[in-house]
Amino acid sequence: MYYEAEQWEEAFRIVRIKGTLREAAVLALEWAVALGPEVGCKLLVRNGMLDDCITLACEKELVL
């Protein structure tokens, strides 16, 4: 629901509480990509998700 409405903060808060670490990393990566490289990187660092998202991006072979 929050994801479709692009209410990223609420979606991320819920997935951190109810979801797995991988689900949180997927959502955080999508949020970071939507924000752009500089702001997205700061977001991932602030939420402690940078390493998890780098690993996820490498696994999926994403080109950002």
Within segment 4-36, which GluC sites (Glu not before Pro) sit in a loop by DSSP and count at most 16 neighbouring Cβ atoms inside 10 Å?
Glu4, Glu6
When Lys and Arg each count +1 and Asp and Glu each count -1, what net charge do the other residues less than 13 Å away from Cys58, Cβ to Cβ, add up to?
-3
Ratio of segment 1-61's C-alpha Rg to 2.2 N^0.38 Å, to two decimals?
1.02
Accessible carbon and sulfur surface of segment 25-64 relative to its total accessible area, %, 1.4 Å:
61
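Considering only the other residues whose Cβ falls under 11 Å of the Cβ of Ala32, what net charge follows from Lys and Arg at +1 and Asp and Glu at -1?
0
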Solvent-accessible area per residue, Å², over segment 1-57 with all protein chains present [probe radius 1.4 Å]
67
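The values are calculated or read from the model by the stated rules, or taken from the named source; none is laboratory data. Keep in mind that this is a model prediction, so the values were computed, not measured. Note: ideal-geometry Cβ built from the backbone for every residue, glycine included; neighbour counts use all protein chains shown. Side chains included, ligands, DNA and RNA excluded: accessible areas come from the protein's heavy atoms. Shrake-Rupley method; radii C 1.70, N 1.55, O 1.52, S 1.80 Å.
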